[in-house]
1. Whole-Hz ³J(HN,Hα) for each residue in segment 382-391, computed from phi via Karplus 6.51 cos²θ - 1.76 cosθ + 1.60 with θ = phi - 60°, x for glycine and proline: what do you get?
2. Please list, by residue number, everything in segment 119-140 whose backbone N is under 19 Å from a paramagnetic label point 7 Å out along Cα→Cβ of residue 286.
3. Contour minus end-to-end for residue 161 and residue 539, with contour as 0.36 nm per residue of separation and end-to-end as the Cα-Cα distance?
4. Indicate the gyration tensor shape class of segment 1-141 (rounded, prolate or oblate), computed on the Cα atoms with a ≥ b ≥ c the square roots of the eigenvalues: a/c under 1.5 is rounded; otherwise a/b larger than b/c is prolate and the rest oblate.
5. Out of residues 5 or more away from residue 526 or on other chains, whose amide H comes under 5 Å of its own, with H placed 1.01 Å from N in the peptide plane?
6. If I take R0 = 35 Å and measure r between the Cβ atoms of residue 267 and residue 555 in this structure, what FRET efficiency does the formula 1/(1 + (r/R0)^6) give, to the nearest 0.05?
7. Using only C-alpha atoms and all pairs of different ones, pull out the Kirkwood radius for segment 120-203 in Å with one decimal.
8. By count of other Cβ within 10 Å, fewest leading, how are 459, 498, 300 ordered?
Amino acid sequence: MTNNKHILNWIDEMSAMTKPDRIVWIDGSEEQAEALRAEACSTGEIIKLNEELLPNCYLHRTAINDVARVEGRTYICTPTKDEAGAINNWMDPTEMYAKLKKLYTGSMQGRTMYVIPYSMGVVGSDFAKYGIELTDSIYVVLNMLIMTRVGTNVLEALGDSPDYIKGLHARADIDEENRYIVHFPQDNTIMSVNSGYGGNVLLGKKCFALRIASYLGRKEGWMAEHMLILGIEYPNGETKYITAAFPSACGKTNLAMLIPPEIYRNKGYKVWCVGDDIAWLRVNPEDGKLYAVNPENGFFGVAPGTNDKSNPNALATCMRDTIFTNVVHDTKNNTVWWEGLNNNPPQPGNAIDWKGNPWDCTKFDKKDKSTYGAHPNSRFTALAQNCPCISSEFNSLKGVPVSAIVFGGRRAKTAPLVYQSTSWQNGTFVGSIMASETTAAAAGAVGVVRRDPMAMRPFVGYNMGEYWAHWLNMGKNIPNPPQIFHVNWFRTDDEGNFIWPGFGDNLRVLLWIIKRCEGKIDADLTPIGYVPKAEDIDVEGLDGISLDTIKELLSVDTESWLADVENIKEFYALVGDSVPAELKEELAALEARLSK
Ligand code: OXD
Ligand code: MN
């Protein structure tokens, strides 16, 4: 399919090591995809679901020990440990290559190696970057066909160029003790072994589009961020774009596909989804604004909790052409189910849980994960083009202009509903101190603060302090930068109940944000930044939310912020010497303002 010597030599080298029985090139055609689906069905790797109810949908179960990303086994292998920084796992590249070689040698014997040429971003656009993933898993091929742009046109676009990201994935023995997800940024190389779970093996996503791309972005003057992208269409037809970074499990996919409250729908407001997980951002020389594209082609969303109320658009998206992973199989209807979908789980005798065992929904106990039918991290892999609210700009070559960057976290008390930073530098600081509190849903103590800068803690492909320095530098090179904000949908009252209704009503906060970007509205300057005047958050049509509730949601509690400052100091100390002086100054200035 190509004469590119760099690609052919590399494949020769990798196949000499892994020793597959045969090599199959993936061309992106529907005929080939269909043949692979049939083959995977015949071996039980995937199960075809009810064609009438869920056309072209399949179910897959991973190994029981292989259900999530493994941050503890994810490595950034730069020549020096300093380049990877204190937050990443690091190993000397020579040592790591030698270790991996042992694990890969002969691992594809008796198997097929698939060669997947893929593009992150629209092929041929300024934003696009190309990759080749070698894998011995049909499940990976079928997921990559949804999540990325795959096909011979990628090879044509590459021509003779050596400029592509090499990815090698082998399932090997799915041995968790020998599972490695490894990045060699200097070599444009990703190696993944002993896993079959999405985030570890769909190498275009977290590995390439965040870790390797963040490294390339710093080198080349652009940004790769863990951000959703959405457009708000106003009744006059104008659309404004926002990107937002939240840690995993804070509702990025839900916000990206938000449905406006009825009162706004009636006025003609619409929300369009450009992306739900990753944004690549570049300065447009024509207008000096920052433009964003979503480099992916689909959604790899968490299934549990997705329902008619939380995200009807996601639900509609995964009604066709979707691969479900680790959800409940309803064997009576040959459909799928997960906790939080509806109150109508398949009954005992008709239900198989994510482990492949008969499941009894009557034994479900929220506190006992062993009673769950779907794994809490079970997923749907669905095509972006099937999303009812997909933006008309989804395939845009130049991306969309970003008015606002929004950071967020899950904080019970500290962060107000929304605040605005006072400058790009101050906004970078706000991103660097992003944090979320653990919930009862996760293992471990409740309410523990985990700092997750820019929601990139597990995804920066180099030193965190230098990543912040890159943010500061970018700010100097964007003539018309977006404004930077922080939101918190998760503030609770004294009984621990959420105060803000969230979901579609989050639009009310986004509209305030856009008004601020346009300089249309005043705000109150507090020690942490600009906070709305309570009356400027529109509560029309919102039951039970008074002006006083909004005031409570917007209040800045000095004591808890001063306690947070101590926690931030500890985190900065962990990141170490590379923390930019500007951010240390921002922290000292925040403390001084709070102490006044
Ligand atoms: C994801 C994550 O899977 O952030 O998108 O964990
Ligand atoms: Mn994510």
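Laboratory data are not the source of any read-out in this text; all were calculated from the coordinates shown. These numbers were taken from a predicted model, which means no experiment stands behind them. With ideal geometry, Cβ positions are generated from the backbone for all residues, glycine too; neighbour counts draw on all protein chains shown.
1. These are the phi-based 3J(HN,Hα) values: 9, 6, 4, 5, 8, 7, x, 10, 5, 5 Hz.
2. 122-128
3. Working: separation 378, 0.36 × 378 = 136.08 nm, distance 5.54 nm.
Contour length minus the Cα-Cα distance gives 130.5 nm.
4. Prolate shape, in that a/c is at least 1.5 and a/b is the bigger ratio.
5. 531
6. On the way: r = 30 Å, r/R0 = 0.85.
Result of the calculation: an efficiency of 0.75.
7. Working: mean 1/r = 0.0739 Å⁻¹.
Computed over Cα pairs of segment 120-203, the Kirkwood hydrodynamic radius comes out at 13.5 Å.
8. Values: 459 25, 498 12, 300 22.
Arranged by neighbour count, lowest to highest, 459, 498, 300 become 498, 300, 459.
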